[in-house]
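> Below is the structure I would like to discuss, written out as structure tokens.
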């Protein structure tokens with residue numbers, strides 16, 4: 001895979017913008033009962049965040065785009081990939097677009113609902129990084145919200161044959177036995193982090 005830093009950066013930004021739209025839509029689904037889309041969509045009520053089509057990327061010269069397209073990443077996996085990269089390439093991104101939603105939606109007015117959703121939203125902080133670090137629960141929340149059936153469908157795909165797990169690209173950090181299995185932070189292999197962003201090393 002070859003990498004042009006300018007092209008790769010544009011592709012990463014495009015997927016960050018896509019992630020931002022998914023976050024915004026999920027919160028609106030959760031906190032605005034009668035949420036409908038903008039007039040450009042004829043005020044059609046969205047059925048799912050998966051209607052937000054991932055952007056087209058420039059594949060030539062971009063290790064990120066090459067990885068996405070060569071592995072034919074599904075919506076769920078592409079979301080997991082950019083979510084795993086977000087804090088590394090834009091440390092304030094998730095704070096602004098997830099933690100900052102409490103102000104946008106005036107959470108004090110819907111505190112019982114928000115409190116109920118916080119556990120599903122997931123996310124942690126750490127000793128060295130005070131910002132929002134996504135967990136597997138964050139990924140599940142963005143994909144499925146409170147839809148139990150869809151959450152189960154997503155979980156079914158998480159096994160030893162999953163591309164990210166099999167190739168040790170992305171991992172869900174270990175948790176204590178009594179904690180939800182996806183409550184650990186989403187981690188990305190440091191080598192793959194460099195390949196997908198800077199592109200200056202190769203996997204051997």
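Values in this text are rule-based calculations from the coordinates and carry no lab data. Here the structure is a predicted model, which means the values were calculated and not measured. Using ideal geometry, Cβ is built from the backbone for each residue, glycine included, and neighbour counts are taken over all protein chains shown.
> How much length is gained if the chain between residue 92 and residue 181 is pulled fully straight, taking 0.36 nm per residue apart and subtracting their Cα-Cα distance, in nm to one decimal?
On the way: separation 89, 0.36 × 89 = 32.04 nm, distance 2.60 nm.
Fully extending the segment from residue 92 to residue 181 adds 29.4 nm.
> Calculate, for residue 2 and residue 56, the FRET efficiency according to 1/(1 + (r/R0)^6) with r their C-beta to C-beta distance and R0 22 Å; round to the nearest 0.05.
Working: r = 19 Å, r/R0 = 0.86.
The calculated FRET efficiency here is 0.70.
> Using Cβ counts within 10 Å as a stand-in for footprinting exposure, how do 90, 62, 84 rank, fewest first?
Neighbour counts put them in this order, fewest first: 90, 84, 62.
> Can you give the FRET efficiency for residue 126 and residue 198, using 1/(1 + (r/R0)^6), R0 = 30 Å, r = Cβ-Cβ distance, to the nearest 0.05?
Values: r = 23 Å, r/R0 = 0.77.
With a Förster radius of 30 Å, E is 0.85.
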